[in-house]
1. Please report how far the C-alpha centroid of the stretch B:318-378 lies from that of the stretch B:136-189, rounded to the nearest whole angstrom.
2. Can you grab the distance from the C-alpha centre of the stretch B:198-255 to the C-alpha centre of the stretch B:2-70, Å, no decimals?
3. Based on C-alpha coordinates, I'd like the Rg and Dmax of the stretch B:118-228, in Å.
4. For the pair B:Lys180 and A:Lys27, how long in nm is the line joining their label points, each one 7 Å along Cα→Cβ?
5. Taking every pair of distinct Cα atoms and averaging 1/r, then inverting, what Kirkwood hydrodynamic radius in Å comes out for the stretch B:94-170?
6. To the nearest µm²/s, what D does Stokes-Einstein give for the stretch B:1-101 at 10 °C and 1.306 mPa s, using the Kirkwood radius over alpha carbon pairs as Rh?
7. Cα-based Rg of the stretch B:197-312 per 2.2 N^0.38 Å, rounded to two decimals?
8. How long are the semi-axes of the equivalent ellipsoid of chain B, taking √(5λ) for every eigenvalue λ of the Cα gyration tensor, in whole Å from largest down?
Amino acid sequence: MNENVMIICRCEEVTYHELVSTATKYKCSARELKLRTRAGMGYCGGRTCRTMVEKIAQSMGTNTPTETNISLKVQPPIRPVSFENLGRISK
Amino acid sequence: MKHINHRDVVVIGGGIIGAAIAYYGSKSGLEITVFEKNELGSGTSSKCDGDILAVDKDPGFNSQMALKSQKLVHELHTELDTPFEYRNYGSILVCENDMELEAAQKWVKQQQNAGLDFRMLDREDLRNESKYFADDLLGGLECQTDSMVNPYLFTYSLFEGAKRYGAHIHTHTEVVNLYKNQAKQFVIETNQGTFTANKVVNACGVWAPFIGKMLDIDIPIKPRKGQIIVASRQKPVGVRNVMEFGYLISKFGGERKVDPLIEKYGVALVMEPTESQNFLIGSSRQFNGYETKVDNEVMKCIAHRAVRFYPKIADMTVIRAYAGLRPWTADHLPIISQVEAIPGFYIAAGHEGDGISLAAITGKLIEEMINETNTSVPIEPLSLNRFHASLEHSFD
Ligand SMILES: Cc1cc2nc3c(=O)[nH]c(=O)nc-3n(C[C@H](O)[C@H](O)[C@H](O)COP(=O)(O)OP(=O)(O)OC[C@H]3O[C@@H](n4cnc5c(N)ncnc54)[C@H](O)[C@@H]3O)c2cc1C
């Protein structure tokens, strides 16, 4: 398979090519790469592609590892949840 | 004598406010250098909504300033190279009881009298707006000039524009000390070395008071935490920004008829469809220091409020949540000001929940103040002095 059309983030349909060209153009961190391409921002919360996105940013030499780069962290909710179940307030 | 680390204008803070100052400043020919301690847009400007609103501004100075900013954003959308998901569809407020409907009518009258593009909406209008709305909603109002952007793309886009005009952007550069030397230059100590500058702009949002302290200036800004949940795209719930009328009351600290928990966390519905067609549902208002942890109970209240207004989204999915810190001031206006005691020192911070809306006008005003030209709007209401006025009077 052509790696240019290979999809890295399935939820947001972001290709390898799009990630590499964005990382090259903006010389950005993994966080900025994610925000610019939406890779890892879809339904699964980046569970599938997070490491790949970080690797791509690193291989471009743009992801200077500092403590501020931990922002690809997972935020609650841990799993997708419906409004109904989340919004139940016990009185 | 000019050495390599001397700069004309230094902007501290790489959020949306620093971005707009860097853009308008460098565009006007100023030599601008930005110091950001983390990454660009890593503070509040990526942990918020992207609504560019006049609908919630007090008629008069506030709404006129918001309107000016909206016009600038409209220009920026063609002026800047990188698109930032600009959509100018207007926005609406919905009312859930008679008391709110009455207040809404007054609000629309006042805004219309001030020359803004407002109108009332009835039940029929709401039904046409979204079939997901609760049937019992009485009506609402609409502001035609409101728009939406992606706040961090807007920040990036402004910085790219600034770079094209020659601005120098230093990320991972934290200002740790700031003072004036005998030559009346600012000395700026950072973790990447020491710089000197003729002028310094403090655009540090909720962190602005710490920069102020370095110069013995009291900057009355406090972090007001806000949380948002992200719903995944399933069906288009609406195309424009929707807020409950209670948002206005919550923002300005009035009394609402809601559950105690909703009141405690200051939860009021804001529904913002994003260009990716997810939607953002907010938000809360809490004074809780500088922590930005997502709080489960607050998340529940926001979801609860969403289902109250959109019962038919109950089975849709929440995929993510985040929290940011609004730079709050006591009168809900930003501080866009020179500091009389320290010539060459400017503050552009304290935009609370309006920093995205007011970034453009803020950048323009600081540029005008530095270039000593006429300002686009009067700047007295934005001065730092307004907080110390009572003190000054006692010296009269
Ligand atoms: C939940 C929520 C929803 C919101 N929704 C909206 C909305 O719809 N519309 C709207 O207009 N506004 C909204 N806002 C408000 C808006 O997000 C803020 O007003 C705005 O982002 C503030 O921008 P800023 O540039 O002042 O601050 P920030 O973006 O926080 O930027 C300040 C920067 O200064 C840097 N810094 C701090 N200290 C130092 C130092 N010593 N040296 C170097 N750098 C330093 C920080 O790292 C940071 O990047 C919302 C806010 C929240 C929390």
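1. After rounding, the separation between the Cα centres reads 9 Å.
2. 14
3. Expressed in Å, the Cα Rg and Dmax of the stretch B:118-228 come to 22.8, 69.
4. For B:Lys180 paired with A:Lys27, the spin-label model returns 3.6 nm.
5. On the way: mean 1/r = 0.0648 Å⁻¹.
Across the stretch B:94-170, the inverse of the average 1/r is 15.4 Å.
6. Values: Rh = 16.6 Å.
After rounding, the answer is 96 µm²/s.
7. Numbers: Rg = 17.4 Å, N = 116, 2.2 N^0.38 = 13.4 Å.
Compared with the compact-globule rule of thumb, the stretch B:197-312 sits at 1.30.
8. Values: eigenvalues 277, 92, 80 Å².
One finds semi-axes of 37, 21, 20 Å for chain B.
Rule-based calculations on the coordinates, nothing more; no lab input. In this text, all values refer to a predicted model and were calculated from it rather than measured experimentally. When we count neighbours, we look across all protein chains shown, and the Cβ atoms used for this are built from the backbone with ideal geometry, even at glycine.
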